[in-house]
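Single-structure report; data block below.
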Amino acid sequence: MEGKYRDEQDRERLMNMTEVEREGVLSNRYEEMKRLKEKRELAEVMSRHSKDQPRRSGREGQLRSEKAGKRDELTELKKRREEKSNAAKVRVRLYLRCIC
């Protein structure tokens, strides 16, 4: 069958056509098989590529920005705590000076 014919009936039907019709049908089948083969090869390449480099979702970017926001808030809290601590130290020093 050589891959040109689907089955024996298809072969007989094609052989009953004129040469031009038969070659047209076989040419269309060849082009379709070629297109499907290229599509499979492309899918395989894309599959290998996606395994090498994992996709990044939009959610990851959102998580990063949320983490950055939390980090900024934490930095701000640390800064305020340090300022309070420094202010308390200054008050204690002033108080100790007044007592002495």
Residue count for the stretch 1-20, restricted to those that are under 16 Å from residue 31 (Cβ atoms) and surrounded by fewer than 10 Cβ atoms within 10 Å (Cβ to Cβ): 1
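Is it the case that some residue within the stretch 31-40 is of a type outside the set (Lys, Arg) and either modelled with pLDDT under 90 or surrounded by fewer than 10 Cβ atoms within 10 Å (Cβ to Cβ) (or both)? Let's see the steps before the verdict.
As a first pass, look at the stretch 31-40 and keep what is of a type outside the set (Lys, Arg): 31-33, 36, 38.
From the residues that got through so far, the ones that are either modelled with pLDDT under 90 or surrounded by fewer than 10 Cβ atoms within 10 Å (Cβ to Cβ) (or both) too are none.
Scanning the stretch 31-40, I find no residue that is of a type outside the set (Lys, Arg) and either modelled with pLDDT under 90 or surrounded by fewer than 10 Cβ atoms within 10 Å (Cβ to Cβ) (or both), so the answer is no.
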Tabulated pairs, the stretch 15-28, first within 12 Å of residue 5 (Cα to Cα), second surrounded by 12 or more Cβ atoms within 10 Å (Cβ to Cβ) and not basic (Lys, Arg), C-beta under 8 angstrom, 6+ apart or interchain: 22/14; 25/14; 25/17; 26/14
Test: residue 48 is loosely packed, with under 10 Cβ neighbours inside 10 Å, more than 30 Å from residue 4 (Cβ to Cβ), modelled with pLDDT of 80 or more and not polar (S, T, N, Q): yes
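The values are calculated or read from the model by the stated rules, or taken from the named source; none is laboratory data. Computed from a predicted structure; not experimentally measured. Quick reminder, even Gly has a Cβ in these numbers, built from the backbone with ideal geometry, and neighbours come from all protein chains shown.
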